[in-house]
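Asker: I'd like to ask some things about the structure below.
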Amino acid sequence: MLNQRKAWLRDCILWRLTKESMKMRGKPVSGRAILVLCLASFLAGSLFTSRTWTWNSIHDHSQPQISIIPQLESVTQDCDHKRKLVEGKSGDIMGEVAKTHQAIQTLDKTISTLEMELAVARTRQTNGQVPIERESNQNLQKAFVVIGINTAFSSKKRRDSVRETWMPRGANLKKLEKDKGVVVRFVIGHSATPGGVLDRAIDAEEAEHKDFLRLKHVEGYHELSTKTRLYFSTAVSIWDADFYVKVDDDVHVNLGMLMSTLARYRSKPRIYIGCMKSGPVLSQKGVRYHEPEYWKFGEEGNKYFRHATGQIYAISKDLAAYISINLPILHRYANEDVSLGSWFIGLEVDHVDEHSMCCGTPPDCEWKVRMGNICAASFDWKCSGICKSVERMKDVHNSCGEGDGAVWNVDL
């Protein structure tokens, strides 16, 4: 038993010497140093053994001997304690890893904020295109998502159908903004004759509902790419949001499901979410969605690069800031969804093909509701929106809506 403890003691001394050598500032241990440690351990063990045998041979067995067993037990306990400390450090290491990951995320958000502030400062110096809503970037309104509903002067009935279904009104609109950080606005510019009948009609509608975001932009169907650029630039100069969404006024949206969908991608700094498609490049003049710059996309019959369909899409704060920073030099194609997709080519951007944002109208979205898969947005592909949306928006809402209380129950 004593010999076993001696051998175990040598092992313990070796283990402790090895641990101490590994602690030396993380420097690699050379082969020569390892050899010296091994020889020192061997000599120490031999010397200890010889001294023990000499002591036993000199003294009579009948006389009381000095026992080294308590000392060995003490060293054993000390070694066990050291081992437990080393093993316990694994939990501390995981904790440090978690703290480091959290610090990296905080740093990413700080960088994003600085980039956004730079974007706001630059856009405010660009010919006064963006209205100065705040004197300091620190006073930007915090939000989770800004949802801009693209609309036109002739679309009052569409706006009313949206207000009567999925968009909160009055006090509830303000409450949604304050409690959930969800900002919803109709986005529109000005007519070619500022202060004319069309502008006065929008002014009266704004006075009643207070749900517009006005842009310094002349409205026109062929100016949608310009309007999209300016919408994002204006939004980042007013709201400090995690996401910015563009949706057409003939699309049905379940706000609660949209919020939950976006929340899943909150950790991604540069993300582009929508129903990704790659349609044909139409070179023939006179057809809908004709692309005058078709030759840039290669041979006739080629398709566009992947991009989110224009009915609804979302981008993160970093991408909205990127658009704002580079506003004057972003190229505009005939179709605004193609333009947006082109702005992100060559960037480190995550493209997310989110099918819940492009459900069909009943029976498609209705069947998905029954299966528990509520859609974030619904429209008809053949009409690039809900066909006859003024008449059908309420029916789609009744069949495919998530319920009035859903948006208030989302935990962000």
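The values are calculated or read from the model by the stated rules, or taken from the named source; none is laboratory data. None of the values given here were measured: they were computed from a predicted structure. Cβ coordinates were reconstructed from backbone atoms using ideal geometry, including for glycine residues, and neighbour counts include every protein chain displayed. For the accessible areas, the whole protein counts, side chains as well, though only heavy atoms, and no ligand, DNA or RNA atoms are used. Shrake-Rupley method; radii C 1.70, N 1.55, O 1.52, S 1.80 Å.
Asker: Using a 1.4 Å probe, what is the accessible area per residue for the range 199-315, in Å²?
Answerer: Numbers: 5020 Å² over 117 residues.
So the range 199-315 comes to 43 Å² accessible per residue, rounded to a whole number.
Asker: Which whole-number percent gives the relative contact order of the range 169-239, counting Cα pairs below 8 Å spaced six or more residues apart?
Answerer: Answer for the range 169-239 is 32 percent.
Asker: Round to the nearest 0.05 the FRET efficiency obtained for residue 206 and residue 394 when R0 = 22 Å and r is the Cβ-Cβ distance. Don't jump to the answer; show the numbers that get you there.
Answerer: On the way: r = 24 Å, r/R0 = 1.08.
Efficiency, rounded to the nearest 0.05: 0.40.
Asker: Hey, any idea what % of the range 258-373's accessible area is carbon plus sulfur with a 1.4 Å probe?
Answerer: 50
Asker: Any chance you could look up the accessible area of residue 238 with a 1.4 Å probe, heavy atoms only, rounded to 10 Å²?
Answerer: Near enough 10 Å² of accessible area.
Asker: Right, another one. In this model, which of 178/277; 216/268; 180/246; 157/368; 99/246; 277/382 are farther than 24 Å apart at the alpha-carbon?
Answerer: Working: 178/277 35 Å; 216/268 31 Å; 180/246 18 Å; 157/368 28 Å; 99/246 35 Å; 277/382 14 Å.
Those over the limit are 178/277; 216/268; 157/368; 99/246.
Asker: Using Cα pairs under 8 angstrom and six or more residues apart, how large is the relative contact order of the range 248-313, in percent? List each step's numbers first, then the result.
Answerer: Numbers: 60 pairs, mean separation 25.5, N = 66.
That works out to 39 percent.
Asker: Next question, about the same structure. Scan the range 232-337 for GluC sites (Glu not before Pro) in coil per DSSP, keeping those whose Cβ has at most 15 other Cβ atoms within 10 Å, and list them by number.
Answerer: 293, 299, 300
Asker: Oh, and also: State the percent of C-alpha pairs, over all pairs in the range 199-301, separated by a distance greater than 24 angstrom.
Answerer: Tail of P(r) above 24 Å: 46 percent of Cα pairs.
Asker: Could you work out the relative contact order of the range 270-385, using alpha carbon pairs under 8 angstrom and six or more residues apart, expressed as a whole percent?
Answerer: 31
Asker: Also: In nm, what is the difference between 0.36 nm times the number of residues separating residue 268 and residue 103 and their Cα-Cα distance? Please list the in-between numbers first.
Answerer: Working: separation 165, 0.36 × 165 = 59.40 nm, distance 1.50 nm.
That works out to 57.9 nm of additional length.
Asker: Mind checking the dipole of the range 311-361: about its Cα centre, +1 per Lys or Arg Cβ, -1 per Asp or Glu Cβ, Debye to the nearest 20?
Answerer: Rounded to the nearest 20 debye, it is 220 debye.
Asker: Now, a different point. From largest accessible area down, sort 232, 153; use a 1.4 Å probe on the protein chains.
Answerer: The ranking, largest first, comes out as 153, 232.
Asker: Largest first, how would 190, 101, 222, 290 line up by accessible area (1.4 Å probe)?
Answerer: Ranked from most to least accessible, the order is 222, 101, 190, 290.
Asker: Could I ask something else about it? Quick one: putting +1 on the C-beta of Lys and Arg, -1 on the C-beta of Asp and Glu, what dipole do you get for the range 346-404 around its Cα centre, in Debye to the nearest 20?
Answerer: 360
Asker: In whole Å, what are the extents of the range 275-412 along the principal axes defined by its C-alpha atoms, from largest to smallest?
Answerer: 47, 36, 24
Asker: Any idea what the dipole of the range 150-216 comes to, in debye rounded to 20, about its Cα centre with Lys/Arg Cβ at +1 and Asp/Glu Cβ at -1?
Answerer: 180
Asker: Can you figure out the FRET efficiency of residue 367 with residue 347, using R₀ = 56 Å and their beta-carbon distance, to the nearest 0.05?
Answerer: 0.90
Asker: Extension gain residue 174-residue 92, at 0.36 nm per residue separation less the Cα-Cα distance, in nm?
Answerer: Between residue 174 and residue 92, full extension yields an extra 25.0 nm.
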